[in-house]
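Have a look at the structure below, then the notes.
None of the figures in this text is laboratory data; all of them are computed from the coordinates on show. Here the structure is a predicted model, which means the values were calculated and not measured. Cβ: placed from backbone, ideal geometry, glycine included. Neighbour counts: every protein chain shown.
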Amino acid sequence: CGPAHSKPSGLGSGPMTSGTNVIQVTNVSPGSTSEQMRTLFGFLGTVEEMKLFPPDDSTMPVTSRVCFVKFRETESVGVSQHLTNTVFVDRALIVVPYAEDDFIITTIPPPPRGQNVVLY
C-alpha cells in the first residue's frame, strides 16, 4: 500500500464533480415528467435548466428516458450523485456528472440511438 492521502471534506468533496454543474440522469422511467424531475433535483440545488428526452409531449413509445440538469452551483453535482440507485417512480436512477463542453445549453444533445427528435 502507498502513503495515505487525505482529501478535504466539504460540500463538493463527495463523488467527483469534475468542475461541471451539469448532470446526466439515465434509466429514467417513461412515466416520469419534467416537472417531477425538476422538483426532485430542485431539492439539491437551484436548477437553471433541465431537458428530458424524449420530451413529455412525445408520442414515441420508449422504455427509458434521459434527463440533463444544469445547476447554478457545481456543489449540487456531487450531492445529486448520491441519488444513484434511488428508485424514482419505478426505476433506479443513474446520476453522473456531464462535462460542460458536451452540454451546450442552447443546443439539444443528440437523442439516444434509435430515437428521432423533431425540432420546430
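A few notes on this one:
- Kirkwood hydrodynamic radius of region 13-101, from inverse mean 1/r over distinct Cα pairs, in Å: 12.9 Å
- Highest average first, the peptides 62-72, 27-37 ordered by how many other beta carbon atoms sit within 10 Å of their residues are 62-72, 27-37.
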